[in-house]
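Have a look at the structure below, then the notes.
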Amino acid sequence: MNLLIDNIGELVTNEPRMGKGPLGIVQRAAILVEDGTVAWVGRSAYAQPADRRLDAEGAAVLPGFVDSHAHLVFAGDRAAEFAARMAGERYNGGGIRTTVAATRAASDDDLRDTAGRLCREALRQGTTTIEIKSGYGLSVTDEERSLRIGREFTDETTFLGAHVVPAEYADRVDDYVGLVCGPMLRAAAPYARWIDVFCEQGAFDADHSRAILTVGQAAGLGVRVHANQLGAGPGVRLAVELGAASADHCTHLSASDVDALASSSTVATLLPGAEFSTRSPYPDARRLLDARVTVALATDCNPGSSYTSSMPFCIALAVREMGMTPAEAVWSATAGGAKALRRTDIGVLRPGARADLTVLDAPSHLHLAYRPGVPLIRHVMHNGVLLE
Ligand code: NIG
Ligand code: FE
């Protein structure tokens, strides 16, 4: 059984050879899907008949969003902390321990229900690939189960045992780093593809971060880093030094951080939901793009600093607040996310790619930023299957 989507007003392929501009836009297009992958892309007029047909009625079709940074395994919420921030409190990551306590006390089924609910919420908004981090367990068993549960929803799981030092290790940071590098990594690695560290003042310094990421790398995990979120620091340079796939946040960057990113294959993943929800200055995407750094956009979905699963919302923020054009933001939320996960099969719509796509309730990708807050995702296809 194959399926033809035709009468597409604007098809974003992210394949410049196939269409116009960096988004590789094909107008009056069609796309043929077979066995979960894209079989053919071209002008509607040249499409061959197929077993089934979906009329896009002139709408835009985009690759599904790739949300390369989310923390979905947790319990409880921190709405009161959000309200306090909106009344003037500052965010410093201190609330992470509140979520750790709630997560440890929760059952597997509670954690599974929350993660599943958020994955479905994201999918309805066009996210067809999502990365899920641990980091609210911070014990051997709780990190292992967080990743085991995360794996039920995605292959893109990340071990974040080094999120913060848990209260019971408050005066024994070296011991906690030893635990993360030894028993915790051994328990977590079978369920993880990536390792991440919150490299920030008040979390982990450069030496501890390097030690943890290096043993993770030796265990076969790819590297990502929470870097330069709350202030200047060594995170971005460490990410580049270790050949990380992604340095995430990148809110406070020096000129040498930007240079380091520009001469590396490390993607700068910007998370504007975090600046929105902590009322902080946004990262300067324009500066990074002008320096030819590869930029991804992701939600950072978590109960503390960014409780949104909406990639369209992040696109709108990036355009309005971070100096990105709508085309750059759409690229970063699709192809950019794929690069941050070192994936070539997603974030693009070319023959052989996974049939992950959205049909918008709009004629152009521009509308994602032009019509903020409006539910513009009419259809979502994941692995060749149309939802609903
Ligand atoms: O990416 N910065 C560290 N971790 C999360 C926040 C986690 C929390 O506040 O619960 C982030 O923003
Ligand atoms: Fe995060």
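The values are calculated or read from the model by the stated rules, or taken from the named source; none is laboratory data. Everything numeric here is computed off the predicted structure, so don't read it as measured data. Here the Cβ positions follow ideal geometry from the backbone for every residue, glycine too, while neighbour counts run over all protein chains shown.
Give segment 265-275 a look and list any residue that's in contact with a Gly (Cβ under 8 Å, 6 or more places away or on another chain) and outside any strand (DSSP E or B), or say none.
Within segment 265-275, Ser265, Thr266 meet the criteria.
Does Arg90 meet the test of being at pLDDT 95 or above, in a loop (DSSP other than H, G, I, E, B), charged (D, E, K, R) and within 16 Å of ligand 1 (Cβ to nearest atom)?
Here the answer is yes, as Arg90 does meet what is asked.
Is it the case that some residue within segment 264-287 is away from ligand 1 (no atom under 16 Å from the Cβ) and either closer than 30 Å to Ala83 by Cα or modelled with pLDDT under 95 (or both)?
The answer is yes; a qualifying residue exists.
Mind checking which residues of segment 228-264 are in a loop (DSSP other than H, G, I, E, B) and among the small types (Gly, Ala, Ser)?
Within segment 228-264, Gly231, Ala232, Gly233, Gly243, Ala244, Ala245, Ser254, Ser263, Ser264 qualify.
Of the numbered conditions (1) touching a Lys or Arg at 6+ places or on another chain (Cβ under 9 Å); (2) in contact (Cβ under 8 Å) with a residue 60 or more places away in the chain, Ala262 satisfies every one except a single condition; which is it?
(2)
Listed residues Gly304, Gly222, Gly231; which is surrounded by fewer than 22 Cβ atoms within 10 Å (Cβ to Cβ), in contact (Cβ under 8 Å) with a residue 60 or more places away in the chain and within 28 Å of Val180 (Cα to Cα)?
One residue alone meets the criteria, Gly222.
Quick check on this structure: which one of Ala335, Ala369 is touching a residue at least 60 places away in the same chain (Cβ under 8 Å) and over 18 Å from Leu32 (Cβ atoms)?
Unique residue meeting the criteria: Ala335.
Are any residues in segment 307-332 without any contact (Cβ under 8 Å) to a residue 40 or more places away in the chain and either more than 16 Å from ligand 1 (Cβ to nearest atom) or charged (D, E, K, R) (or both), and if so, which ones?
Gly323, Met324, Thr325
Answer with yes or no whether Thr114 is in a loop (DSSP other than H, G, I, E, B), β-branched (Val, Ile, Thr) and either at pLDDT below 95 or out of contact with any helix residue (DSSP H, G or I) (no Cβ under 6 Å at 6 or more places or on another chain) (or both).
Criteria not met by Thr114.
From the set of residues in segment 373-388 that are in contact with a strand residue (DSSP E or B) (Cβ under 9 Å, 6 or more places away or on another chain) and β-branched (Val, Ile, Thr), which is surrounded by the fewest Cβ atoms within 10 Å (Cβ to Cβ)?
Ranking the qualifying residues of segment 373-388, first place goes to Val380.
If we scan segment 158-175, do we find a residue that is more than 19 Å from Gly243 (Cα to Cα), surrounded by 15 or more Cβ atoms within 10 Å (Cβ to Cβ) and touching a Pro at 6+ places or on another chain (Cβ under 8 Å)?
Checking segment 158-175: not a single residue is more than 19 Å from Gly243 (Cα to Cα), surrounded by 15 or more Cβ atoms within 10 Å (Cβ to Cβ) and touching a Pro at 6+ places or on another chain (Cβ under 8 Å).
Can you work out which of the residues in segment 189-203 that are of a type in the set (A, V, I, L, M, F, W, C) and in contact with a helix residue (DSSP H, G or I) (Cβ under 7 Å, 6 or more places away or on another chain) is farthest from ligand 2 (Cβ to nearest atom)?
Ala192
Under 20 Å from the mean Cα position of the chain (by Cα) and at pLDDT 95 or above, is that true of Arg151?
When the stated conditions are applied, Arg151 passes them.
In this structure, does Arg85 turn out to be on the phi < 0 side of the Ramachandran plot, at pLDDT 95 or above and among the basic types (Lys, Arg)?
Yes, satisfied.
Can you find a residue that is modelled with pLDDT under 95, of a type outside the set (Ser, Thr, Tyr), surrounded by fewer than 17 Cβ atoms within 10 Å (Cβ to Cβ) and within 16 Å of ligand 1 (Cβ to nearest atom) anywhere in segment 101-110?
Looking through segment 101-110, none of the residues is modelled with pLDDT under 95, of a type outside the set (Ser, Thr, Tyr), surrounded by fewer than 17 Cβ atoms within 10 Å (Cβ to Cβ) and within 16 Å of ligand 1 (Cβ to nearest atom).
Give segment 62-79 a look and list any residue that's outside any loop (DSSP other than H, G, I, E, B) and within 14 Å of ligand 2 (Cβ to nearest atom), or say none.
Within segment 62-79, Asp67, Ala70 meet the criteria.
Please determine whether any residue of segment 190-197 is modelled with pLDDT of 95 or more, within 27 Å of Asp284 (Cα to Cα), in a helix (DSSP H, G or I) and charged (D, E, K, R).
The answer is no, given that none of the residues of segment 190-197 is modelled with pLDDT of 95 or more, within 27 Å of Asp284 (Cα to Cα), in a helix (DSSP H, G or I) and charged (D, E, K, R).
In segment 176-197, what residues are touching a Phe, Trp or Tyr at 6+ places or on another chain (Cβ under 6 Å) and closer than 15 Å to Val165 by Cα?
Answer for segment 176-197, where residues must be touching a Phe, Trp or Tyr at 6+ places or on another chain (Cβ under 6 Å) and closer than 15 Å to Val165 by Cα: Tyr176, Val197.
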